Amino acid sequence: MTISRLQAHQYVEQAKLIHTSLDVWYRTHLNMNRFGSDWRPFLLMSDVYEALDPGCGLVVSDEAGVMLGTAFYHPRETHVGVGVVSVHPDAFGRGVAKALMQEILSVADGRPLRLVSSAMNIDSFSLYTRMGFVPQVTLQSLTLKVPAEGLQGGCSGVRAATMADVEAMGELEFRLNGVRKDKDYRFFVENAWGHWRLLVMEKADGSLAGFLGANAHPADRILGPGVAEDEAAMQGLVQAMLDRHFRGTDIVWMVPVRCTGLVRQGYGWGARNRETHLLSVLGNAPPMHGVVIPTFMPESG
């Protein structure tokens, strides 16, 4: 096996591998047809991640050059985020995922690794915990068909983020969770792709109580990343995001299970549970405060 950087001519092969890996695992272990038969939506990953972090896609190939596995990583000032790690079903059990993770660990050069993974996938859970990852937050994934007429009520102080807010968002997240992802938030505000959304909530003194991003691409509508000082702020941000940008569409988001008020509000809107996830860290993990909503596009452990 050899590990190399993802190249543009490999995007289609990679998208097919990611789709096949997820589809086969969910069908085999959970009897779920979640990903359908179309691999093309997974091209979004290489497009987005190469724009956000060029050269940070990895592939593992066999001696004949056939792709066996792939992963993305996101170097940041305080840590390295680990993206989706996928292995072709024909290569399950051959150490492909472990080789990818060890490569990312070497690139991290001592910085902590952070990732969000399915708590229902005991294979990935075992891989990560054997490496030393420790779950920090348990999350439940909710899916909701937002009413076409929107959601009633609202919260004051919520507005679209601007480039002038990026530093304050970074400071808020660093204060609450000890990590910084300013690069991601600049990427959202620039919105070169046209499908990012980013809201902030201002307090009376002009400081931020929280922020929430979202991906509105039809292939992967999902809330996050988001950070707020408390559940009330995050609820206001979630409601505003759903009402302003996702009326009449299906949306997914992850909520910390300890945020019972936010979970109940999701149920009140008609949301249903889809899956459980873990936010895990390898290395120094500062205590996490407030409310965090991570996302898989782009990954934000």
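Descriptive notes on the structure:
- Residue match in the stretch 176-183 (condition: in contact with a Leu (Cβ under 9 Å, 6 or more places away or on another chain) and outside the structural domain of THR70 (by TED's automatic domain parsing)): yes
- Count of the stretch 259-301 residues which are touching a strand residue (DSSP E or B) at 6+ places or on another chain (Cβ under 9 Å) and over 27 Å from VAL85 (Cα atoms): 9
- Residue in the stretch 239-248 that is within 30 Å of SER46 (Cβ to Cβ) and of a type in the set (S, T, N, Q) present: no
- Residue within the stretch 121-137 that is within 22 Å of VAL238 (Cβ to Cβ) and not acidic (Asp, Glu) present: yes
Yes/no per residue for (1) closer than 23 Å to ASP123 by Cα; (2) of a type in the set (Val, Ile, Thr); (3) out of contact with any Leu (no Cβ under 6 Å at 6 or more places or on another chain); (4) in contact (Cβ under 8 Å) with a residue 40 or more places away in the chain:
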residue: SER4; (1), (2), (3), (4): no, no, yes, yes
residue: GLU13; (1), (2), (3), (4): no, no, yes, yes
residue: TRP25; (1), (2), (3), (4): yes, no, yes, yes
residue: LEU30; (1), (2), (3), (4): yes, no, yes, yes
residue: LEU44; (1), (2), (3), (4): no, no, yes, yes
residue: GLU50; (1), (2), (3), (4): no, no, yes, yes
residue: PRO54; (1), (2), (3), (4): no, no, yes, no
residue: VAL59; (1), (2), (3), (4): yes, yes, no, yes
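- Residue match in the stretch 253-275 (condition: touching a residue at least 60 places away in the same chain (Cβ under 8 Å), touching a Phe, Trp or Tyr at 6+ places or on another chain (Cβ under 6 Å), assigned to a strand (DSSP E or B) and under 24 Å from ARG159 (Cβ atoms)): no
- Some residue of the stretch 134-142 being outside any strand (DSSP E or B) and not basic (Lys, Arg): no
- Note on the stretch 183-208: among residues that are in a helix (DSSP H, G or I) and without any contact (Cβ under 8 Å) to a residue 40 or more places away in the chain, the one that is surrounded by the fewest Cβ atoms within 10 Å (Cβ to Cβ) is GLU190.
- Among the residues listed as PRO135, PRO147, the single one being in the same structural domain as PRO256 (by TED's automatic domain parsing), of a type outside the set (Phe, Trp, Tyr) and within 30 Å of GLN265 (Cβ to Cβ): PRO147
- Set VAL146, VAL179, VAL96: member being crowded, with 21+ Cβ neighbours inside 10 Å, under 29 Å from ASP23 (Cβ atoms) and either of a type in the set (Gly, Ala, Ser) or touching a Lys or Arg at 6+ places or on another chain (Cβ under 9 Å) (or both): VAL146
- Residue match in the stretch 227-239 (condition: under 16 Å from SER141 (Cα atoms), crowded, with 19+ Cβ neighbours inside 10 Å and within 18 Å of the chain's Cα centre (by Cα)): yes
- Every residue from the stretch 160-176 that is under 19 Å from ALA285 (Cβ atoms) and within 20 Å of the chain's Cα centre (by Cα): GLY170, LEU172, GLU173, PHE174, LEU176
- All positions within the stretch 5-21 that are touching a helix residue (DSSP H, G or I) at 6+ places or on another chain (Cβ under 9 Å) and surrounded by fewer than 18 Cβ atoms within 10 Å (Cβ to Cβ): ALA8, TYR11, VAL12, LYS16
The values are calculated or read from the model by the stated rules, or taken from the named source; none is laboratory data. None of these values were measured; they are calculated from a predicted model. A quick note on method: Cβ atoms are made from the backbone with ideal geometry, for glycine too, and the neighbour counts reach across all protein chains shown.
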